[in-house]
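Novice: Let me give you the structure first, and then I'll get to my questions.
The values are calculated or read from the model by the stated rules, or taken from the named source; none is laboratory data. All figures in this text were calculated on a predicted structure; none of them were measured in a lab. Cβ sites come from the backbone with ideal geometry, for glycine too, and all protein chains shown count toward neighbours. The protein model used for the area step is the full one, side chains on, heavy atoms only, and it has no ligands, DNA or RNA in it. Shrake-Rupley method; radii C 1.70, N 1.55, O 1.52, S 1.80 Å.
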Amino acid sequence: MQVRVRAPTKVTLFGEHSVVYGYPAIVFSLPIYIDVSATEHDDILIVTGPANVSSVDLVIKEDRIDVGPKTKKYLMRYISYILKAIERFSVPGIMIEIKSPLPVGAGLGTSAAVAVGTVAAISILKGLNVDKMEIAKLAWEVEKLVQGRASPMDTAASALGGVLWIEKKEEWNIEPLSVDEINLVIGVFEKQKTTASLVAEVAEKLKRNRLYSEVIKLMGEIAREARRALEDRDWKRLGELMKLNHAMLEALGVVTEETSRAVHYAIEAGALGAKVSGAGGGGAVVALAEDPIPVASAMKVSGAKKVFTVSEPSNGVEIL
Ligand code: MEV
């Protein structure tokens, strides 16, 4: 028996980094998917790539993991964390294949989508009745192990889909926002640092100087105002708030020269607003554009490896 699922990636519209500290964020689930298949197999689990262009090749037996030469160390760690999170599903006996149209770590929630897709495929294959919220929670456990500190944002966007409001009150509150269409142009740039190291750098800055805590707090206020702009469909105000959010990310020191230039070029080309999306250190840039064509060209000119335009969010993880 084989189960195939697809798990969407995401773009953060507002509040990356500040969400790690419980402040609100708005995330858009992208209709760009990681495909995961799980097949019943003899008594071993084989995980094959390409999660990051054939960079996973390992065989997991009950008592040890044999790592092939193509496997990058951090991905191996990642897969072993997935296995840990889903231990109770008694994993051995499954072959997993992961296919990604984007490199893992591109800044678009690819790693969260790998975790969501793998957890979903294995639980369905094992005949377990796990709903999307539980898949999101299990995949979030993986993110926490990998990053050291992680919000549930990326895994919720991949599992549940739509446009989501994420905020920590007593508990984490994950609320769908009703947004039918929004014109986004997304550029993918060289990522120079891992999310884990960027999250750690920001944590260190917050400890060192209380002014960084003010920046984080302000990002939360920007997200609150953005929610109202989004609900009013006030694109001009939303664009202005994206620029403000980007300025906060610059202040946190997570924006590279290339992505900073891409934001400026996108605005010069007519975008209402643009910002880095995700942890930074390169990665993704998202722009809000009434006319996506000149903005997409501006992203290419500024060095994007991939550019795409989207307007409707995905519906979350799905069986194929
Ligand atoms: C990564 O996509 C977004 C961060 O806010 C980390 C997190 O939310 O766990 C930087």
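Novice: So, in Å, what gap is there between the alpha-carbon centers of region 1-39 and region 238-261?
Specialist: 21 Å
Novice: Apply the Karplus curve 6.51 cos²θ - 1.76 cosθ + 1.60, θ = phi - 60°, to the phi angles in region 273-279 and return the couplings in whole Hz, x for Gly and Pro.
Specialist: x, 7, 7, 5, 10, x, 5
Novice: Amide H of GLY282 versus every other amide H placed in the peptide plane: which residues, excluding those fewer than 5 positions away on the same chain, fall under 5 Å?
Specialist: The list, which skips near neighbours in sequence, is GLN192, THR256.
Novice: For a 30 Å ceiling on Cα separation, which of these pairs sit above it: LYS168/LYS207; LYS169/LYS305; LYS99/LYS236; LYS169/LYS191; LYS168/LYS193? Provide the component values of the computation, followed by the final result.
Specialist: Values: LYS168/LYS207 21 Å; LYS169/LYS305 38 Å; LYS99/LYS236 37 Å; LYS169/LYS191 32 Å; LYS168/LYS193 27 Å.
The pairs that break the limit, which is 30 Å between Cα atoms, are LYS169/LYS305; LYS99/LYS236; LYS169/LYS191.
Novice: Let me ask something else. What whole-number distance in Å separates the alpha-carbon centres of region 124-155 and region 270-315?
Specialist: Spelled out, the Cα-based centre of one part sits 27 Å from the other.
Novice: Roughly speaking, what is the stretch gain from LYS168 to ALA200, that is 0.36 nm per residue apart minus the C-alpha to C-alpha distance, in nm to one decimal? Display every interim value, and only then the final one.
Specialist: Numbers: separation 32, 0.36 × 32 = 11.52 nm, distance 1.98 nm.
Here the segment from LYS168 to ALA200 would lengthen by 9.5 nm.
Novice: Right, next: Could you pull out every residue, at least 5 positions away or on a different chain, whose amide H is within less than 5 Å of the one on LEU13? Hs are placed 1.01 Å off N in the peptide plane, and Pro or chain starts have none.
Specialist: ILE26, VAL27, PHE28
Novice: Return the sequence-ordered ³J(HN,Hα) values of region 172-179 in whole Hz as given by the Karplus equation 6.51 cos²θ - 1.76 cosθ + 1.60 applied to θ = phi - 60°, using x for Gly and Pro.
Specialist: Working through the residues one at a time gives 6, 10, 10, 10, x, 9, 8, 10 Hz.
Novice: Of all the accessible heavy-atom surface of region 184-310, with the other protein chains kept in place and a 1.4 Å probe, what percent is carbon and sulfur?
Specialist: About 51 percent, which is the carbon plus sulfur part of the accessible surface.
Novice: Please identify the GluC sites (Glu not before Pro) of region 165-194 that satisfy two criteria: DSSP loop assignment and at most 14 other Cβ atoms within 10 Å. Which are they? Let's see the in-between values first.
Specialist: Details: sites: GLU167, GLU170, GLU171, GLU181, GLU190; in loops: GLU170, GLU171, GLU181.
Passing sites in region 165-194 are GLU170, GLU171, GLU181.
Novice: Is there a quick way to get the dipole size of region 184-310? I mean about its Cα centre, with the Cβ of Lys and Arg at +1 and of Asp and Glu at -1; what is the value in debye to the nearest 20?
Specialist: Values: 19 positive and 16 negative charges, 72 e Å.
Dipole magnitude for region 184-310 comes out near 340 debye.
Novice: Considering the zone a paramagnetic label at LYS207 would reach in this model (a point 7 Å from Cα along the Cα-to-Cβ line), which residues of region 141-165 have amide N under 18 Å from it?
Specialist: Flagged as within label range: 147-150.
Novice: Short version: ³J(HN,Hα) in whole Hz for each residue of region 220-231, in order, from phi by Karplus 6.51 cos²θ - 1.76 cosθ + 1.60 (θ = phi - 60°), x for Gly and Pro, what are they?
Specialist: Once θ is set to phi - 60°, the couplings for region 220-231 become x, 5, 4, 5, 4, 5, 5, 4, 5, 4, 5, 5 Hz.
Novice: Here is a further query. Need one word for region 174-272: rounded, prolate or oblate. Basis is the Cα gyration tensor (sqrt eigenvalues a ≥ b ≥ c); a/c below 1.5 gives rounded, then a/b vs b/c decides.
Specialist: On the way: a/c = 1.90, a/b = 1.31, b/c = 1.44.
It is oblate, given that a/c is not under 1.5 and a/b is not larger than b/c.
Novice: Next up: Can you give me the distance in nm between label points at GLU258 and ARG228, each placed 7 Å from the Cα along the Cα-to-Cβ direction?
Specialist: 3.8 nm
Novice: Right, something else. Whole number in Å², please: accessible area per residue of region 224-320, 1.4 Å probe, ligands, DNA and RNA not counted. The partial results should precede the final answer.
Specialist: Values: 4250 Å² over 97 residues.
Heavy-atom SASA per residue in region 224-320 reads 44 Å².
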